[in-house]
Structure formats: structure tokens, C-alpha cells
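Undergrad: Dumping the structure here so I can ask a few things about it.
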Amino acid sequence: MGLKILGIDTSCDDTGVGVVELAPDGTVKVLANRVWSQTVHATYGGVMPELASREHVERIDSILGEALAEAGLSLGDIGAVAATSGPGLVGALLVGLMYGKGLTQALGVPFYAAHHLEGHIYAAASEAALSAPYLALVVSGGHTHLFDVPQSGEYVLVGATKDDAAGEAFDKVARLAGLGYPGGPAISEAAKQGDPNAVMFKEPLKGQKAFDFSFSGLKTAALLAHRAGAAPADLAASFQRAAVQFLVGTTVRAAESYGRKTVVVSGGVAANAALREAFAATGLKVVFPAKGLNTDNGAMIALAGAAALHTGRAASPLTVGAEAYAPLTAVSHRSA
């Protein structure tokens, strides 16, 4: 029997609680992953921070109960707790962070403050053991970051968006095309009926030697195409094609530059079928999280906690606070 680790994520608009089991040999198994995705924000076309915090407070007890029931466990079976401390919306983060700290004090178990992006990276550990070195592309509604991971626990930022995150751009294009919110699934579904060559987008940052991302130009081009009368399905298919080619092409260039053969792709946009198909054609070993672990969730935070425990990382002090902006490159968990 392995150690049961509870993970909590309330960094934005999803209340996530998950449970994983850490075996003595370091292998992990996801026992439960329950997420409440807030719908109140659809009216506004984006996340309203105050409303998000209130929803977390109202839902976290029931989501914890659902996760424990799914895992077939009681609170007394939990051997460690991990919770996201940043980055994210401070009010939302505080709900899960304080809840997790309270649980550790009540249960007398160690507490681990987890970095949200590290959680996304470790979500892929649900599918395959992560063995450095590799590249990690975290692409979601709030993040588009490309990291080199030369050894376990060390993260080197090699590329990031200069403006919108990829998922944010999907949301905005979906909204202007009248496809609904969240934009990722809406565009993916509409694109099935559209012509990906109907609207010709220019390649962002063409000719750059770096590995950065930019989606403002694609967003503006989509707006102009919409005003010119492009059909919503055609606009969705064409935008998706351009965004996917940009993400994959930049990542492949970085892999060649750093000599990496493995790429972890995580975050909400990683669920996009077109993105997965494009990466499959690169010849790289590409690892995606298991179904249900792409978007924000508690299981990925529990997986990050499992990695911390397995590598002998010291537990976090209960004085740790929530951080709206917390660069992953400022975090180093390398083994001595």
C-alpha cells in the first residue's frame, strides 16, 4: 500500500480536488480527480475574480467529499496534502491554500505548497514516468510557457507569450465569432465543419531566432476576417490551424536547439485534437496528461506533491502565502 496524497487547486475558476497513491518505487496512480467548473463567468466572457473566490468557498467541501468517495478513502487515510500557492487569482488561491493547511493541521500530515505550472507538467506523470531531460510546453487560458527541464526539479524558461496566452486567444476569437465560452472546445467543435484554408493568417514572429509566442496578431486578423464576413466555422478552422502550427513549429525548433527528444505538452489547450495530431507527426516523443488532467485540477497538484515526497523535498511551512505572479524558474527542486 502506498502513501495517499490529497491535492487541491483553486487557482482560477475550477475547484479541483484529487487523490493519488505514491508507491515506494516512485510510481504514482491517480485514485480520484473531481473538478467543479464554474459556469457563472460565461455571461461575462471571462473570469470574474470575486465570483470565482465565492464559488470555491461554496463548493470545496462537496468536491473534497466526492474525491474521497471516488478513491474509496476517508480523510484519515490521507498521508500528505498539497495545494496550489501560485500563480493565479489571489482570492481564489487563498481558498484552497488555507483549506489545505487546515486539513494538514487536523490530520497531522505534511503540507506541500505547489506551483501551478509544475502541477501542469506533472499531470503528464499520470501517463508516463517523467525522466529528464525534456521540454515542457504549458499552454492554457492563462499560460503559454516553454521550459527546458535539464534535470528533475530544474526549470529553464526558453520561451513565453509576449501578449495573450493561447487559450485566452481561443476564448476571444470564439467570442467574436459567436461560438460561446470557453473558447477552446467551442473552436475545436466548430472547426470540424470549417475550411482551415478559408482565412489565411500570417505566421506570428516569423523569422525569430528565439522561441517566444504571440497571439495578438492572430486575434486581430481574426477580427478583421470576421468583419469581412468569414463564416464562423471557417474562421474557427483557420484560426485553429494557424495557432497549432505556430505552437508546434516553435516547440520543434526549441527541441532541435536543445537536443531534446521528449516533449511534455500540458494545460487546457493540450486537449485540442488538432494540436495532438500535429505533435504526433513531429517524430518527437510527446507526452500528454491523461484525459481529465489537461485543464486545472487537483490530481495534478497531488502528482506534484508526490514528486516532492519521492525526491525527499522538505515540507512547506504553513506560513507560505498565495502569489499572483510566481515564476516557475524561481523554483528549484534539484536533488543535491
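Undergrad: All but one of (1) at pLDDT 95 or above; (2) in contact with a strand residue (DSSP E or B) (Cβ under 8 Å, 6 or more places away or on another chain); (3) not hydrophobic (A, V, I, L, M, F, W, C) hold for E189, so report the exception by its number.
TA: Answer for E189: the failing condition is (2).
Undergrad: Just to be sure I understand, how many residues within the range 194-243 are polar (S, T, N, Q) and touching an Asp or Glu at 6+ places or on another chain (Cβ under 6 Å)?
TA: 2
Undergrad: Same structure, new question: So, in the range 256-269, how many residues would count as being more than 20 Å from the chain's Cα centre (by Cα) and in a helix (DSSP H, G or I)?
TA: 3
Undergrad: Taking A210 and the conditions (1) surrounded by fewer than 17 Cβ atoms within 10 Å (Cβ to Cβ); (2) aliphatic (A, V, I, L, M); (3) part of a strand (DSSP E or B), which numbered condition does it fall short on, given that it satisfies the others?
TA: The one condition A210 does not meet is (3).
Undergrad: Go through (1) surrounded by 15 or more Cβ atoms within 10 Å (Cβ to Cβ); (2) over 30 Å from Y134 (Cβ atoms); (3) not acidic (D, E) for G229 and report which single condition fails.
TA: (1)
Undergrad: Quick one: in the range 151-169, which of the residues that are in contact with a His (Cβ under 9 Å, 6 or more places away or on another chain) and within 30 Å of G180 (Cα to Cα) is surrounded by the most Cβ atoms within 10 Å (Cβ to Cβ)?
TA: Here the residue is A166.
Undergrad: Considering the range 294-315 alone, what residues qualify as being at pLDDT below 95, buried (at least 20 other Cβ atoms within 10 Å of the Cβ) and not in a helix (DSSP H, G or I)?
TA: Across the range 294-315, the qualifying residues are N294, T295, D296.
Here's the yes/no breakdown for (1) within 24 Å of E168 (Cβ to Cβ); (2) crowded, with 21+ Cβ neighbours inside 10 Å; (3) not assigned by TED's automatic domain parsing to the domain that holds A314; (4) not acidic (D, E):
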{"position": "D9", "(1), (2), (3), (4)": "yes, yes, no, no"}
{"position": "A23", "(1), (2), (3), (4)": "no, no, no, yes"}
{"position": "V30", "(1), (2), (3), (4)": "no, yes, no, yes"}
{"position": "W36", "(1), (2), (3), (4)": "yes, no, no, yes"}
{"position": "G91", "(1), (2), (3), (4)": "yes, no, no, yes"}
{"position": "T104", "(1), (2), (3), (4)": "no, yes, no, yes"}
{"position": "A113", "(1), (2), (3), (4)": "no, yes, no, yes"}
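Undergrad: Would you confirm whether any residue within the range 173-182 is at positive phi and modelled with pLDDT of 90 or more?
TA: Looking through the range 173-182, at least one residue is at positive phi and modelled with pLDDT of 90 or more.
Undergrad: Report yes if E50 is in contact (Cβ under 8 Å) with a residue 12 or more places away in the chain, surrounded by fewer than 23 Cβ atoms within 10 Å (Cβ to Cβ), closer than 18 Å to Y122 by Cβ and among the acidic types (D, E), otherwise no.
TA: Against the criterion (in contact (Cβ under 8 Å) with a residue 12 or more places away in the chain, surrounded by fewer than 23 Cβ atoms within 10 Å (Cβ to Cβ), closer than 18 Å to Y122 by Cβ and among the acidic types (D, E)), E50 does not qualify.
The values are calculated or read from the model by the stated rules, or taken from the named source; none is laboratory data. These numbers come from a predicted model, not from an experiment. Don't worry about glycine lacking a Cβ; one is built from the backbone with ideal geometry, like all the others, and counts go over all protein chains shown.
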